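This report concerns only the one structure given below.
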Amino acid sequence: MFQANAMTTVGRNSQHVAVIGAGAAGLVCARELLREQHKPVVFEQSTAVGGVWVCEPNNASSHSPMYEGLVTNLTKEQMQFSDFAFPDACPEYPKRAQVLAYLEAFADQFAIRELVRFRTKEIGRAHV
Ligand SMILES: Cc1cc2nc3c(=O)[nH]c(=O)nc-3n(C[C@H](O)[C@H](O)[C@H](O)COP(=O)(O)OP(=O)(O)OC[C@H]3O[C@@H](n4cnc5c(N)ncnc54)[C@H](O)[C@@H]3O)c2cc1C
């Protein structure tokens, strides 16, 4: 699910790139852009990384379709990024909070969080 396809930028200039959303897709997109010496900025309308895995069951304004006790329907090996494994201690079918912790760890490992502009909803072309 979380596979990333690296693109080579050999011979190309470093670019400022807007990434919309700090869910799984946005996080790995930003990481791959960094690897290729680009300068991503991630625009995230909420206050957290993790996208749909962020769930605040006691927050009436939370719009997450997930619920606190949700367990994944795929194994962690099927879900994980190809070069960033779930912890060994994590069960084969992680709980929602464990997937969120995994995505947060990914963001921290690759210093993505500091590239995120939270509470920023992108509604048109980005000017970075
Ligand atoms: C109930 C449920 C159960 C699931 N179970 C599994 C499972 O077991 N295994 C599995 O592999 N997948 C599962 N999924 C699929 C899940 O959606 C993906 O795993 C993955 O998290 C999707 O990541 P994403 O980054 O594409 O989208 P999202 O996680 O939705 O992230 C998108 C982000 O972009 C932000 N955003 C959107 N528009 C804007 C904007 N205009 N400006 C700024 N920010 C914006 C949002 O706030 C959000 O943070 C499930 C999904 C649901 C709903």
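The values are calculated or read from the model by the stated rules, or taken from the named source; none is laboratory data. Since the model is a prediction, treat every value here as computed from it, not as a measurement. Counting neighbours? That spans all protein chains shown, and the Cβs are built from the backbone with ideal geometry, glycine included.
Every condition in (1) in contact with a Ser or Thr (Cβ under 7 Å, 6 or more places away or on another chain); (2) among the polar types (S, T, N, Q); (3) at pLDDT 90 or above holds for Gln15 except the one numbered (1). Contact map, the range 66-86: residues that are more than 19 Å from Ala30 (Cβ to Cβ) and of a type outside the set (A, V, I, L, M, F, W, C) paired with residues that are near the ligand (Cβ under 6 Å from one of its atoms) and not in a loop (DSSP other than H, G, I, E, B), Cβ distance under 8 Å, separation 6+ or inter-chain. Pairs shown: Thr72/Met79. Among the candidates Ala101, Ala30, Ala24, which residue alone is among the aliphatic types (A, V, I, L, M) and surrounded by fewer than 20 Cβ atoms within 10 Å (Cβ to Cβ)? Ala101 is the lone residue from the list that is among the aliphatic types (A, V, I, L, M) and surrounded by fewer than 20 Cβ atoms within 10 Å (Cβ to Cβ). Look at the range 88-117: where a residue is in contact (Cβ under 8 Å) with a residue 60 or more places away in the chain and a partner is of a type in the set (Lys, Arg), sitting 6+ places away or on another chain with Cβ atoms under 8 Å, you get Phe106/Arg31; Ala107/Arg113; Phe110/Arg31; Ile112/Arg31.
Residue-wise test of (1) part of a loop (DSSP other than H, G, I, E, B); (2) closer than 21 Å to Val19 by Cα; (3) within 10 Å of the ligand (Cβ to nearest atom); (4) modelled with pLDDT of 95 or more.
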position	(1), (2), (3), (4)
Pro40	no, yes, no, yes
Val49	yes, yes, yes, yes
Ser62	yes, no, no, no
Met66	yes, no, yes, no
Asp88	yes, no, no, yes
Glu114	no, yes, no, yes
Glu122	yes, yes, yes, no
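Would you pick out the residues in the range 42-52 that are among the hydrophobic types (A, V, I, L, M, F, W, C) and buried (at least 17 other Cβ atoms within 10 Å of the Cβ)? The answer is Val42, Phe43, Ala48, Val49.
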